[in-house]
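J.: Pasting a structure below so you can have a look.
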Amino acid sequence: MAKITPGKIKQIPTDQLDFDPNNPRLVEEGIKNPTDAQIIGALADTADLGELVQSISSNGYIDIEPLIAMPVGERFRVLEGNRRLAVIRLLRNPKLASEIGISVPKAEASVAETLEKVSVYVVQSPEQAREFIGFKHINGPHKWDALAKARFAAEWYKAEKDKGLKLESIARQLGDRHDTVQRLVSGMFVLEQAENARVFDVQDRHPVKGSGFAFSHLYTALTRPGFRDYLGLSAEWRSADPELNPVPEDRIDALRNVLLWLYGSKSDDIEPVIRQQNPNLRQLDRVLQSPTARVVFMQRQDLREAYALVGSSENRFETALVAAKQNAEAALSQIGAYEQHDETLLQLSGQLFRATKIIHTTMSAIASGKAS
């Protein structure tokens, strides 16, 4: 095989290209040492290969944007472009597609010819490719989900932090805000600590129909004082560049509890306490800050009952506001029963309208800092 110079775009036979087993999409699926079939199956589940299969099978491989790969022995590991490589594999090997359970049309001779060689930008290492790949998938046209973004940024930071790399620099190169990247990486380090301590497994989360892994639940919870105090994390932890294993060893059981509240457990048939991030996450944070409410919650795992014990005026206001909204929606669903001559109900709806308007105006003024 001819020697390929790193940093150059070359035409490389597709049978010399291998998938990247460390692709964040595959890591999210919990696949280790995967086969090509497993990799393609995971990509089909997480990255929707169907549209790309249809496009390439109809028009051939349009070689506009090169794959990015690095030499590994006599072959090349594709660091960017695994979706395209997966479709090339499927169209060139219908038997493999059948084994995976993916239906692909037969490639015409003119299409098959475009799949033999593709343009590849060759780099020496993943580090050389990170800036481009990260921008493309974090803020560019082919975005990863939050967990994949977090894994990518965390691996980059771990690989180069001893050389002086700061998260601020990673954020700048990715075109993202520093506080966003800090939250992602900090959350990733907490998740990895739980996985390494074997107190949580992403694949064991209680299934939520039509939803993937809600990583934002975790990194958002870690910004709240009740969760941080429960896990033994200092207030400064939120603003400093993160360290591995941030949760103290004597709080590992607490970490397990938090992840069970957020995600539940399929194997133990435990449903998550957090049904939706707003308002459940804030409610649980307030419960964790109240000694009495926390004790009741730990005993009964009933967030509504525990939150009722927080007892602040804010809690009572929220409860009243939620009840008002629900009652208004219930009335709206029965609007067809209103009779034209009933002036009392019309006056009542006017009073409700005025009260709602005052509430909204006052809350908006407080939120914008304009209230006296």
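J.: Just to be sure, is Leu191 touching a Ser or Thr at 6+ places or on another chain (Cβ under 9 Å), in a helix (DSSP H, G or I) and modelled with pLDDT of 85 or more?
T.: Against the criterion (touching a Ser or Thr at 6+ places or on another chain (Cβ under 9 Å), in a helix (DSSP H, G or I) and modelled with pLDDT of 85 or more), Leu191 does not qualify.
J.: Hey, another quick one. Quick one: which helices (runs of 4 or more DSSP H) sit completely within the range 212-314 and have at least 2 residues that are of a type in the set (A, V, I, L, M, F, W, C) and free of Cβ contacts under 8 Å to residues at least 60 places away in the same chain?
T.: Those helices (runs of 4 or more DSSP H) span 252-263, 291-300, 303-308.
J.: Also, I was wondering about something else. Which members of the range 50-79 meet the condition of being part of a strand (DSSP E or B) and in contact with a Pro (Cβ under 9 Å, 6 or more places away or on another chain)?
T.: Met70, Pro71, Arg77, Leu79
J.: Considering every residue within the range 340-363, establish whether at least one is part of a helix (DSSP H, G or I), of a type in the set (A, V, I, L, M, F, W, C), modelled with pLDDT of 85 or more and under 30 Å from Pro291 (Cβ atoms).
T.: Yes, the range 340-363 has at least one match.
J.: Within the range 85-97, take every residue that is of a type in the set (Lys, Arg) and touching a residue at least 12 places away in the same chain (Cβ under 8 Å) and give me the one that is surrounded by the most Cβ atoms within 10 Å (Cβ to Cβ).
T.: Across the range 85-97, the extreme among qualifying residues is Arg89.
J.: Which members of the range 223-239 meet the condition of being within 16 Å of Val287 (Cβ to Cβ) and either under 22 Å from the mean Cα position of the chain (by Cα) or not acidic (Asp, Glu) (or both)?
T.: Scanning the range 223-239 gives Arg224, Pro225, Gly226, Phe227, Arg228, Tyr230, Leu231.
J.: Looking at this structure, is Val78 modelled with pLDDT under 90 and touching a helix residue (DSSP H, G or I) at 6+ places or on another chain (Cβ under 6 Å)?
T.: no
J.: Which one is surrounded by the most Cβ atoms within 10 Å (Cβ to Cβ), of the residues in the range 98-127 that are of a type in the set (Val, Ile, Thr) and within 24 Å of Glu155 (Cα to Cα)?
T.: Applying the filter and picking the extreme gives Val120.
J.: Answer yes or no: is there a residue in the range 240-259 that is under 17 Å from the mean Cα position of the chain (by Cα) and either at pLDDT 90 or above or among the aromatic types (Phe, Trp, Tyr) (or both).
T.: The answer is yes; a qualifying residue exists.
J.: Residue by residue through the range 207-216, note down the ones that are closer than 12 Å to Arg183 by Cβ and either in contact with a strand residue (DSSP E or B) (Cβ under 6 Å, 6 or more places away or on another chain) or not polar (S, T, N, Q) (or both).
T.: Phe215
J.: Considering each of Ala153, Ala221 in turn, give the residue that is at pLDDT below 90 and of a type in the set (A, V, I, L, M).
T.: It is Ala153.
J.: Among the residues in the range 98-106, are any under 33 Å from the mean Cα position of the chain (by Cα), more than 24 Å from Gly73 (Cα to Cα), outside any loop (DSSP other than H, G, I, E, B) and without any contact (Cβ under 8 Å) to a residue 12 or more places away in the chain?
T.: Yes; the residues of the range 98-106 include at least one that is under 33 Å from the mean Cα position of the chain (by Cα), more than 24 Å from Gly73 (Cα to Cα), outside any loop (DSSP other than H, G, I, E, B) and without any contact (Cβ under 8 Å) to a residue 12 or more places away in the chain.
J.: Just to verify a result, which residue in the range 228-260, among those that are under 17 Å from Asp179 (Cβ atoms) and of a type in the set (A, V, I, L, M, F, W, C), is surrounded by the fewest Cβ atoms within 10 Å (Cβ to Cβ)?
T.: Ala235
J.: As an exercise: evaluate Phe317 against (1) loosely packed, with under 13 Cβ neighbours inside 10 Å; (2) farther than 30 Å from Arg354 by Cβ; (3) aromatic (Phe, Trp, Tyr) and give the number of the one condition it does not meet.
T.: Answer for Phe317: the failing condition is (2).
The values are calculated or read from the model by the stated rules, or taken from the named source; none is laboratory data. Here the structure is a predicted model, which means the values were calculated and not measured. Cβ atoms come from the backbone with ideal geometry, glycine included; neighbour counts cover every protein chain shown.
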